[in-house]
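Encoded as structure tokens, the structure appears first; notes follow it.
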Amino acid sequence: MSLLFPLGLAALAAWLLPLLIHLARRHPYTPLDFAALRWLRAQIRPRQRIRFDDWPLLLVRLLLLAALALLLARPALTGPAPAPSAWTVVAPGLDAAALRGTAKDGNWHWLAPGFPAIDQAPPTSSATLPSLLRELDAQLPAGTALTVHVPDPLPGLDGARLQLSREVQWHPQPTAITPPRTAAALPQLRVHGEASATAQHWLNALQRGWGVQAPLAPLAANALPERGEIGVWSRSDALPANWQAWLHEGGSVLTAARPAANAAVLLRDTEGVPLLGQQRIGQGRLLSLTGEWNTASNAALRDPQLPRSLLLALQPLPSPRLGDAQDQAPRQVALPAAASPVREPTAWLLLAIVLLFALERWMASSARRRAVA
């Protein structure tokens, strides 16, 4: 046991108060003169010893003050905490009753936000199972055994092997899951109104290569693309101030300007020369397709593979896919040893103080009744 606030023990100086009270309230002795003793010569009175009339009451009062001083000093118990009960989590969609069987004991929860008990309905959420497992691993105390029931194949993979701080009992449950087949979202291009005719001709041809037959509608003067669209600035000069602000706030701009030296190369032409570069500007990204956007003078724009390569570079990342649950079993990683938990027995101290106070009041009232009698 250690003290988080040792100066609180200075309150033990209050022990003097009940000692002084008991000394001041000793039973008074009234001298009484006797006729046979009045003619005796006065003698030196013997030294009186300090004596407490009601020492059990004094002891209780001293214990009460000691408990109050200990409460102020904030005692703390250090050392390994008792091993917590094991956890079993079940992914929503699985038959939890069949997995649990007739055993009603155990700490069973849904692998869902908040990790509700298995007897409750799991909440609907878009959170993936790997992210929920990482959250649960961070919340559970060290040493807690964890058993996980997940569907096989496992949905919501995010490209990283699941790593947890504990060994997990991994139980994939074969489940028929049909992945949704949704068409990949095509990049939405919005070109500025001052684009040249040759640049617009090439951009329209690019969109036809993507399967979009409608021609691009140029933006009005001083207008900006919508959130999620890619603004196209077909000139090599600097972006206007409003476009730069939109780019810093998270927009995406495709320009004909030369990329910066630290830009990442996304595409190269047939001769290996960088063709499309990308750099981060604030929260947005600036894509640089170097050169004049004219198919007559720029041979790279006439490459039949360019529309597909640009599509793969510009379209959003695909959603997480399914995977074999057995291959995605969590891997245990070594984490720094956590400090021993500190537990303050404040509740027990408060209970002891209340009981001592009640005992002191009962003994004090009994002492007064005896004195009156």
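Testing Arg190 on (1) part of a loop (DSSP other than H, G, I, E, B); (2) within 23 Å of Pro259 (Cβ to Cβ), one condition comes back false. Which one is that?
(1)
All but one of (1) assigned by TED's automatic domain parsing to the domain that holds Arg258; (2) modelled with pLDDT of 85 or more hold for Ala347; which doesn't?
Answer for Ala347: the failing condition is (1).
I'd like the residue in region 225-260 that is of a type in the set (S, T, N, Q) and in a loop (DSSP other than H, G, I, E, B) and, out of all such residues, is nearest to Thr198 (Cα to Cα).
Looking at the filtered set, the residue picked out is Ser234.
Out of Pro187, Pro215, I need the residue that is surrounded by 16 or more Cβ atoms within 10 Å (Cβ to Cβ) and closer than 19 Å to Trp293 by Cα. Which one?
Going through Pro187, Pro215 in turn, the sole match is Pro187.
Given the condition under 19 Å from Arg302 (Cβ atoms) and assigned by TED's automatic domain parsing to the domain that holds Leu289, answer yes or no: does some residue in region 214-231 qualify?
Among the residues of region 214-231, not one is under 19 Å from Arg302 (Cβ atoms) and assigned by TED's automatic domain parsing to the domain that holds Leu289, which makes the answer no.
Considering (1) modelled with pLDDT under 85; (2) part of a strand (DSSP E or B), say which one Thr147 fails and leave the rest.
(1)
Answer yes or no as to whether Pro318 is closer than 30 Å to Gly277 by Cα, at pLDDT 85 or above and not aliphatic (A, V, I, L, M).
No: the conditions fail for Pro318.
Has region 135-143 got at least one residue that is of a type in the set (D, E, K, R), modelled with pLDDT of 80 or more, under 17 Å from the mean Cα position of the chain (by Cα) and under 24 Å from Gln326 (Cα atoms)?
yes
Count, please, the residues in region 63-96 that happen to be farther than 30 Å from Ala13 by Cα and modelled with pLDDT of 85 or more.
11
Please work out if Ala91 is surrounded by 14 or more Cβ atoms within 10 Å (Cβ to Cβ), of a type outside the set (S, T, N, Q) and touching a His at 6+ places or on another chain (Cβ under 7 Å).
Yes; evaluated as a whole, the condition is true for this residue.
Please tell me if Pro130 is under 16 Å from the mean Cα position of the chain (by Cα) and surrounded by fewer than 17 Cβ atoms within 10 Å (Cβ to Cβ).
no
The values are calculated or read from the model by the stated rules, or taken from the named source; none is laboratory data. Remember, predicted model here, so these are calculated numbers, not experimental data. In this analysis, Cβ positions are derived from the backbone assuming ideal geometry, glycine residues included, and neighbour counts consider all displayed protein chains.
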